[in-house]
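For reference, the structure discussed in these notes is given below.
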Amino acid sequence: MLTMRPATPDDQPGLAAMIQARSDWMKAKQLPTWHSWGRHVHELAGNCTRHPCEMWVLTEHGDRILGCTTILRTPAPWTWTAAEAADTAYYLSGTVTDPAERHRKLGTLIADWAVDLAAREGISRVRRDCSSPALAEYYQQQNFQLIRKVSSPGGHTSYALERKAEEIPELASWLVPRHYPYGNLWKVEGASHRECEIEYGGSSAIPLTIVPQCDRSIPFDVGRSTATR
């Protein structure tokens, strides 16, 4: 079984290895953005130390990291309007999965988990943006709707996508809850100067988190440039 849990600083080596494997796979496939990932492997992996409350890891057997994503509360201003920014929404960024596990569709699993999490926390939408038309098409296969295509800083084209939050009970057959030693409310170790509260909603197998406001510190090319099949 798989588990989605908050990242901790101890995850950094495993995250770096997994992200490097994705970069190497992209290079072998001659995908145009592989060099950005190669340059920013340790920076992206380091988000588990800078933003442990916002970064989540997908693990198997408790320690093997198969994927990661970061949930932001603030949108990219060049992609979303002021009215849209006023909506309650989660913004997925820096989603990466182990290329050796592509057949398991872990990127889709992480997306479904985020949509379920948002619904259980009273968030109306899950959004993401990317600079690759192929990736935008892949996200649409995950039931994200293409909202617009815009020109972003640096002359890139950015694709804005969103999906309505909804509970997905079927996730319980894929994900198990993280077991915390102090009941169903726990402060995450290694959360720097922040404290993140993790709780479980009723009998749900999906962990809920209170995510604080944060800045958009993830590099643009890295955060939104690769498929996560």
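Looking across segment 148-162, the residues that are out of contact with any Lys or Arg (no Cβ under 8 Å at 6 or more places or on another chain), open to solvent by 20 Å² or more (accessible area, probe 1.4 Å) and either among the polar types (S, T, N, Q) or outside any helix (DSSP H, G or I) (or both) come down to Arg148, Lys149, Val150, Ser151, His156.
From the list Arg194, Arg148, the lone residue that is modelled with pLDDT under 75 and not small (Gly, Ala, Ser) is Arg194.
Does Ser132 meet the test of being open to solvent by less than 40 Å² (accessible area, probe 1.4 Å), within 30 Å of Glu60 (Cα to Cα), more than 12 Å from the chain's Cα centre (by Cα) and of a type in the set (S, T, N, Q)? Spelling it out, Ser132 is indeed open to solvent by less than 40 Å² (accessible area, probe 1.4 Å), within 30 Å of Glu60 (Cα to Cα), more than 12 Å from the chain's Cα centre (by Cα) and of a type in the set (S, T, N, Q). Quick check, is Ala114 touching a residue at least 12 places away in the same chain (Cβ under 8 Å) and in a helix (DSSP H, G or I)? Here the answer is yes, as Ala114 does meet what is asked. Of note, Ala100 satisfies the criterion of being more than 24 Å from Ser158 (Cβ to Cβ) and modelled with pLDDT under 95. Taking the condition modelled with pLDDT of 90 or more and either buried (at least 21 other Cβ atoms within 10 Å of the Cβ) or over 20 Å from Gln140 (Cβ atoms) (or both), does Thr95 pass? When the stated conditions are applied, Thr95 passes them.
You will find that of Arg64, Arg73, Arg120, the residue that is touching a Gly at 6+ places or on another chain (Cβ under 6 Å) and modelled with pLDDT under 95 is Arg120 and no other.
The conditions are (1) more than 19 Å from Trp56 (Cβ to Cβ); (2) modelled with pLDDT under 55; (3) not acidic (Asp, Glu), and Tyr138 fails exactly one of them. Which is it? Going through (1) more than 19 Å from Trp56 (Cβ to Cβ); (2) modelled with pLDDT under 55; (3) not acidic (Asp, Glu) one by one, Tyr138 breaks only (2).
Taking residues in segment 60-83 that are closer than 21 Å to Arg5 by Cα, and partners anywhere that are open to solvent by less than 10 Å² (accessible area, probe 1.4 Å) and of a type in the set (D, E, K, R), the pairs with Cβ atoms closer than 7 Å and at least 6 places apart or on different chains are Thr70/Glu54; Ile71/Glu54; Leu72/Glu54.
So that you can scan it fast, the table gives a plain yes or no per residue for (1) open to solvent by 50 Å² or more (accessible area, probe 1.4 Å); (2) in contact with a Pro (Cβ under 7 Å, 6 or more places away or on another chain); (3) of a type in the set (Gly, Ala, Ser):
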| position | (1), (2), (3) |
| --- | --- |
| Lys29 | yes, no, no |
| His40 | no, yes, no |
| Asn47 | no, no, no |
| Arg50 | yes, no, no |
| Cys53 | no, yes, no |
| Ala85 | no, yes, yes |
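Every listed requirement among (1) within 17 Å of the chain's Cα centre (by Cα); (2) under 28 Å from Lys29 (Cβ atoms) is met by Leu146 save one, (1).
The values are calculated or read from the model by the stated rules, or taken from the named source; none is laboratory data. Predicted model, so just to flag it, every value in this text is computed and none were measured. Note that we place each Cβ from the backbone using ideal geometry, even for glycine, and neighbour counts take in every protein chain shown. The accessibility values were calculated without ligands, DNA or RNA, using every heavy atom of the protein model including side chains. Shrake-Rupley method; radii C 1.70, N 1.55, O 1.52, S 1.80 Å.
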